[in-house]
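Undergrad: Can you read through this structure? Questions will come right after.
The values are calculated or read from the model by the stated rules, or taken from the named source; none is laboratory data. Only a predicted model underlies this, so the values are computations on that prediction, with no experimental measurement involved. Here the Cβ is made from the backbone with ideal geometry for all residues, glycine too, and neighbour counts use every protein chain on show.
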Amino acid sequence: MPGEIINRPVMTAFTVVFVLILATSGPVAGREEGVFGSFQRGEGKPTHITSDRLEAYKEKEMASFSGHVVATQDDWVIQSDALTFYFEKAEASDQVGSKKIEGTGGLSRIEARGNVRITQGERIVTGEQAIFYREEQKVIVTGNPILKEGENIIKGDRVIVYLEEKRGMVEGAKGKRVSATIYPGEKKEKKK
């Protein structure tokens, strides 16, 4: 039945398949990437996700982790109330022995919702929602987003990070301007 929640034994099998797909999703336009796309600093690094619940829907081509979600890959950590992976529709299926196995398409986007916190070293981004668009290699954070690195803090209405371009943009909203508090870095002494 479309949209039906998959029972526990089947869900366990889907969990293994989805995690393997997520961890080994193929390159796009020559890029090597795992579940976090260009976030990944070391190719082939595993992705580990923990949560209170996992629901997988074959018809919707999605897997949704909910309840105290923590996803890690290398030194990147995403924490949220829910983390949903959306896949493209598979165009083909494989034949294994006498069984036809339908594939899952590549990862399309990842949505983190509720108490979102993304960390990498001293860099922390918080908000209520973050969406990672794989093809565009772009992350959009909304819901009172705050960027922190050390003591530096930037606040706005919407944060957009262009991963391949290594640049970001913070937008204000009507009546709410962007706010930045930047502390001067330590001066390095020149060696003589």
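Undergrad: Which residue is surrounded by the fewest Cβ atoms within 10 Å (Cβ to Cβ), if the candidates are limited to region 137-150 and must be of a type outside the set (V, I, T) and touching a strand residue (DSSP E or B) at 6+ places or on another chain (Cβ under 8 Å)? Explain how you work it out, then say what you get.
TA: Going residue by residue through region 137-150, those that are of a type outside the set (V, I, T) are 137-138, 143-145, 147-150.
Still in the running and touching a strand residue (DSSP E or B) at 6+ places or on another chain (Cβ under 8 Å): 137-138, 143-145, 147-149.
Numbers: Q137: 19, K138: 19, G143: 15, N144: 12, P145: 23, L147: 21, K148: 16, E149: 15.
Restricting to residues being of a type outside the set (V, I, T) and touching a strand residue (DSSP E or B) at 6+ places or on another chain (Cβ under 8 Å), the top hit is N144.
Undergrad: Mind listing just one residue for me: the one in region 151-177 that is closer than 22 Å to S108 by Cβ and surrounded by fewer than 13 Cβ atoms within 10 Å (Cβ to Cβ) and, of those, nearest to the chain's Cα centre (by Cα)?
TA: That would be E164.
Let's see how each residue does on (1) touching a Phe, Trp or Tyr at 6+ places or on another chain (Cβ under 8 Å); (2) within 30 Å of N144 (Cα to Cα); (3) assigned to a helix (DSSP H, G or I); (4) modelled with pLDDT under 95:
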position: F14; (1), (2), (3), (4): no, no, yes, yes
position: G42; (1), (2), (3), (4): no, no, no, yes
position: K45; (1), (2), (3), (4): no, no, no, yes
position: E59; (1), (2), (3), (4): no, no, no, yes
position: H68; (1), (2), (3), (4): no, yes, no, no
position: K89; (1), (2), (3), (4): no, no, no, yes
position: Q95; (1), (2), (3), (4): no, no, no, yes
position: V116; (1), (2), (3), (4): no, yes, no, no
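Undergrad: Only one of A130, A112 is more than 13 Å from L163 (Cβ to Cβ) and either under 11 Å from the mean Cα position of the chain (by Cα) or crowded, with 16+ Cβ neighbours inside 10 Å (or both). Can you tell me which? Steps first, answer last, please.
TA: Numbers: A130 fails: more than 13 Å from L163 (Cβ to Cβ).
The match here is A112.
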